[in-house]
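Inspection log for the structure reproduced underneath, given as C-alpha cells.
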Amino acid sequence: MKALTQIGLTALVDLTVNIASWSVLDRNFQTGLYSPDADSLSIPFFENAVISILIVVLLFGCAMCQRGGIFSTSFSLLFGTVATLLSAYWTINWFVPNHYSIAALFGCLFLISAASVWFPLRRLIMKMQSI
C-alpha cells in the first residue's frame with residue numbers, strides 16, 4: 001500500500017468514525033437510551049476523536065518510516081503495531097448494542113492498521129535476511 005493512499009484512507013475512515021460517533025450518540029440520546037441528565041455525553045465523543053487522531057498519527061509515522069533502513073523500518077513496525085492494538089481495543093470496546101456502527105468503523109481502522117503493519121514487517125524480514 002502506497003504511503004499516500006494509506007494516509008488518505010486512514011484520514012477518511014477517521015473522519016467517518018467521528019461523524020458516526022456523533023450521530024450514534026446523539027440518536028441514542030434522543031431516543032432515550034441515555035438518561036436525560038447525562039451531561040457527560042461529550043466524553044465518549046471526545047475520547048473517540050482523540051483515539052482516532054492518535055491512530056492516524058501512528059499510521060502516518062508507520063507510512064513515513066517504511067522506506068529507511070532496519071532501524072527506521074523497526075519504528076514503522078512499532079507505530080503500526082501500536083495503532084493496530086489500539087484500534088482492535090476500541091473495536092471491542094464499542095461492540096455493544098446500539099453502538100455497532102461505531103465498532104464497525106473502528107474495525108475498518110483495525111484492518112487498515114493491520115495491513116499497514118504487514119508491509120514494514122515484510123520489508124524488515126527481507127532486510128534481516130540480506131544481512
Checked against (1) at pLDDT below 85; (2) part of a helix (DSSP H, G or I); (3) farther than 30 Å from Met128 by Cα; (4) open to solvent by less than 70 Å² (accessible area, probe 1.4 Å), Ser23 satisfies every condition except (1)
Regarding the range 48-56, can at least one residue be identified that is surrounded by 15 or more Cβ atoms within 10 Å (Cβ to Cβ), in contact (Cβ under 8 Å) with a residue 60 or more places away in the chain and of a type in the set (S, T, N, Q)? no
Have a look at Ala11, Ala63 and point out the one that is open to solvent by less than 40 Å² (accessible area, probe 1.4 Å), within 25 Å of Phe119 (Cα to Cα) and either of a type in the set (Phe, Trp, Tyr) or at pLDDT 80 or above (or both). Ala63
Going by what's in this entry, would Gly32 be described as open to solvent by less than 70 Å² (accessible area, probe 1.4 Å) and outside any helix (DSSP H, G or I)? yes
Exactly one condition in (1) within 30 Å of Ile131 (Cβ to Cβ); (2) at pLDDT 85 or above is false for Ile102; which is it? (1)
For the range 93-128, which positions are without any contact (Cβ under 8 Å) to a residue 40 or more places away in the chain, in a helix (DSSP H, G or I) and over 19 Å from Val56 (Cα atoms)? Tyr100, Arg122, Ile125, Met126
Regarding the range 36-46, can at least one residue be identified that is at pLDDT 85 or above, surrounded by fewer than 18 Cβ atoms within 10 Å (Cβ to Cβ) and hydrophobic (A, V, I, L, M, F, W, C)? yes
In the range 66-92, residue surrounded by the fewest Cβ atoms within 10 Å (Cβ to Cβ) [restricted to those that are without any contact (Cβ under 8 Å) to a residue 12 or more places away in the chain and assigned to a helix (DSSP H, G or I)]: Phe71
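The values are calculated or read from the model by the stated rules, or taken from the named source; none is laboratory data. Keep in mind that this is a model prediction, so the values were computed, not measured. Virtual Cβ from ideal backbone geometry, glycine too; neighbours counted across all protein chains shown. Surface accessibility is based on the protein's heavy atoms, side chains included, excluding ligands, DNA and RNA. Shrake-Rupley method; radii C 1.70, N 1.55, O 1.52, S 1.80 Å.
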